[in-house]
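Notes follow the structure.
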Amino acid sequence: MNRIKKNIKQYSKKLDQPTMMALDNTCIQYGNAYNYFTSRYSGINSSAITVSQTSTRKNCRDVLVKDKTFQKQMAKVPARFWKSALDDAGSTIRSMWSNLLNKARKKIAENENLNDDQRQYCFWCLSGQRQISPVLAYEEPELPKSLKKCEFDRHQLDNLLRRTIRKCKGAIPVNRRKRSFLIDAQQYSYRDTEEGTFIEISTMDFRKRISIPVKDKNHLKGSLRVVVDFDNSSVVINSLIMAKKKKRKPGRRKAIGLDKGMKKTVATSTGNVYGMDVNSFAKEKSDWEVERNANRNRQRSVWLKLLESGNDQLADIILANNIGDKHYTKQANRKLEPIKSNMNHALDEFFETENPREIIVEDLTWSKWDSGKSPGVNRRLSSWMKGYLDERLIYKAEQHNCKVTYVNPAYTSQLCPKCHHLGRRQGESFSCPNCGHQADADLNAAKNILDRKKDTEITIYIKAKDVKKIILRRIEEEQQKQDTSKKPKKAKKAKKKLRINN
Ligand SMILES: [Zn+2]
């Protein structure tokens, strides 16, 4: 089941020393428990933490409560806290696995030595932790029907998969000092007084709760993450509430192909465009960053000179106002806001207007995103925008009860949707040299993306190179059909002529 998460924040007032110390102690103990779980369960052969939070609890908790060494380790940690830390570690490990499998899929996609059957098997194994676990444990996975017909040497491929996973797996999540902890609904309560609203949080000190004054009157619900700001003696409380799914509109809902991009956020197979060109904002951010970095380097050398000459006071002022990272990040994030809001607005408009039952988008493994990007927008920013758009699209699709299907993106921007010949893309427009069809390039791509869904031959497992081969073969077959259907007619006419002459 997919649940949608939406973050709501609540800020505390300034906290006193004993409260900060209790929070600090809680962060340390919680961090120890969290680190214990990440190192115990993030190993390559550990399948205890799997796809969902509920299965994590079931798989681990029963084992842990009977484990003597674990009991000793957690003697000082209340059970509710280590259970929250386990959930926390579980979600870190699950996202680590999903990144790892993505990387491995890319490696397999690039592997020239695999044929289609072999690649299909590898992709299936890399589709989730449940599928890859038996391979890593040298066991036989239960294969789906579609793969049973394929021919491949499992033993050899399993070795390749294990090697690939090991190569892609980075270090175990680092044991950084924790500045936050999770609490569930039974570990806190709210209290309204004349002086304002307080949240009472249980800490590592059994039975004793601390009282934290908050700035608004909201009573948050469900699990909360308490983030401690040691610099400002305060906390920020994050609520992970589940956003409500939007009600379905009446009327028939369609499956719609989408082409995503920076110039048009989405172009649809129904012939509509949503969103404006965010390139200009991106360019502005890039330019600002370059200028700002140059300025920062200049300030840094001034700062060094001041330190050398013993002018500490002025050096501190420059450090705080001109070089400080906090200020820089804040400003940098502000520059991203117009891009974000434009994309969000475009997606909202799309879902409201089209009300799709299903959206068909390109599979991320083979990305062609860079092809249409404007000069002067740096790589990191471009890939950030792509990631942000994808994330928002999936989020909003879930909100609107809309299914997301991925297809192979190869040549979708170069294919003529009318005659299926390869055409040319020039800037914003597409033209077909075979049938003369002309259209907007992105709308054209969206149509091809929709068509790909029904294509049983060009699945997401086929490489771009092979997609081209298939397209060319189809064109050839089509021409042969035309030729053979013309020939007999000519022959008949010739025969008729002969008869008449005779
Ligand atoms: Zn054509």
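No value in this document is a laboratory result; all are computed from the given coordinates. For clarity, every value in this text was computed on a predicted model and none was experimentally measured. Counting neighbours? That spans all protein chains shown, and the Cβs are built from the backbone with ideal geometry, glycine included.
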Partner aspartates and glutamates whose C-alpha sits under 19 Å from that of K178, ignoring same-chain residues fewer than 8 away, are D24, D87, D88, D205, D229, D231
Violations at 28 Å Cα threshold for listed pairs K215/K285; K340/K468; K83/K335; K13/K386; K9/K208; K145/K454 -> K215/K285; K340/K468; K83/K335; K13/K386
Full extension between N232 and D483 adds, at 0.36 nm per residue less the Cα distance, a length in nm of 82.4 nm
Two pseudo-spin positions, 7 Å from Cα along C-beta at S211 and at A185, lie apart in nanometres by 2.5
Once both label points are put 7 Å beyond Cα along the C-beta direction, the H155-K465 separation in nm becomes 2.8
Here the FRET efficiency for K68 versus A255, based on Cβ atoms and R0 = 60 Å and rounded to 0.05, is 0.60
For the range 25-33, Karplus-derived ³J(HN,Hα) couplings (6.51, -1.76, 1.60; θ = phi - 60°; whole Hz; x for glycine and proline) come out as 4, 5, 4, 5, 5, 5, x, 4, 5
